[in-house]
């Protein structure tokens, strides 16, 4: 039996984090001693609805109840982050075969580059239709999807779109 700490990383843009993501994080946290949710992207480049700092804060608030989870960001190769932090497994959630087709070549490249394996977790069926992009769009047009977003995220999206609504009147 090994006494080493088993670490995993859950990478993504998380613009914003959804309950589907949080479910994957919780399940990964039961399998590993330490899980890092890693926002990938350049913090100096504006892309998406939320800045990297905002995403980090939303993740911290949304995942506050997961004791062995930490939140970080990285703008380089994921495998370099994994090596620097002693992480042996990348955890990715899959909603459908389309996600699988997209993720497999990356998983194979990551393993080829570094020996880091990827573990795929199937999304809970109640979140299979959820994407960050779709959530932003539904809220922007007044839809109610509070059952698929952490409350703090739903409110943050509404605040982001509030100025747009005032300008269009």
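The values are calculated or read from the model by the stated rules, or taken from the named source; none is laboratory data. Please read all numbers here as calculations on a predicted model, not as lab measurements. FYI the Cβ positions are ideal-geometry reconstructions off the backbone, even for glycines, and counts take in every protein chain you see.
Going by the structure shown, is residue 121 closer than 20 Å to residue 6 by Cα and buried (at least 18 other Cβ atoms within 10 Å of the Cβ)?
Working: closer than 20 Å to residue 6 by Cα: yes; buried (at least 18 other Cβ atoms within 10 Å of the Cβ): no.
When the stated conditions are applied, residue 121 does not pass them.
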With criteria (1) touching a strand residue (DSSP E or B) at 6+ places or on another chain (Cβ under 8 Å); (2) surrounded by fewer than 20 Cβ atoms within 10 Å (Cβ to Cβ), residue 21 comes up short on (2)
Quickly run through segment 22-41 and pick out the residues that are more than 13 Å from residue 121 (Cβ to Cβ) and either out of contact with any helix residue (DSSP H, G or I) (no Cβ under 8 Å at 6 or more places or on another chain) or at pLDDT 95 or above (or both). 33, 34, 36, 37, 38, 39
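Being within 16 Å of residue 110 (Cα to Cα) and surrounded by fewer than 21 Cβ atoms within 10 Å (Cβ to Cβ) narrows it down to one of 65, 86, so name that one.
Numbers: 65 fails: within 16 Å of residue 110 (Cα to Cα).
From the options 65, 86, the qualifying one is 86.
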How many residues does segment 58-78 hold that are closer than 15 Å to residue 17 by Cβ and not in a helix (DSSP H, G or I)? 9
Please pick out the residue among 49, 113, 59, 77 that is surrounded by 14 or more Cβ atoms within 10 Å (Cβ to Cβ) and under 14 Å from the mean Cα position of the chain (by Cα). 59
State all residues of segment 138-150 that are surrounded by 13 or more Cβ atoms within 10 Å (Cβ to Cβ), in a loop (DSSP other than H, G, I, E, B) and free of Cβ contacts under 8 Å to residues at least 24 places away in the same chain; if no residue qualifies, say none. 145
Residues located in segment 79-118, provided they are touching a helix residue (DSSP H, G or I) at 6+ places or on another chain (Cβ under 8 Å), part of a helix (DSSP H, G or I) and touching a residue at least 60 places away in the same chain (Cβ under 8 Å): 82
If you check every pair at least six apart or on different chains, which have Cβ atoms under 9 Å apart with a residue in segment 151-168 that is part of a helix (DSSP H, G or I) first and a residue that is surrounded by 13 or more Cβ atoms within 10 Å (Cβ to Cβ) and modelled with pLDDT under 80 second? none
Within segment 1-21, can you find the residues that are in contact with a helix residue (DSSP H, G or I) (Cβ under 6 Å, 6 or more places away or on another chain) and in a helix (DSSP H, G or I)? 19, 20
Residue in segment 124-134 that is nearest to the chain's Cα centre (by Cα), counting only those that are in a helix (DSSP H, G or I) and buried (at least 18 other Cβ atoms within 10 Å of the Cβ): 132
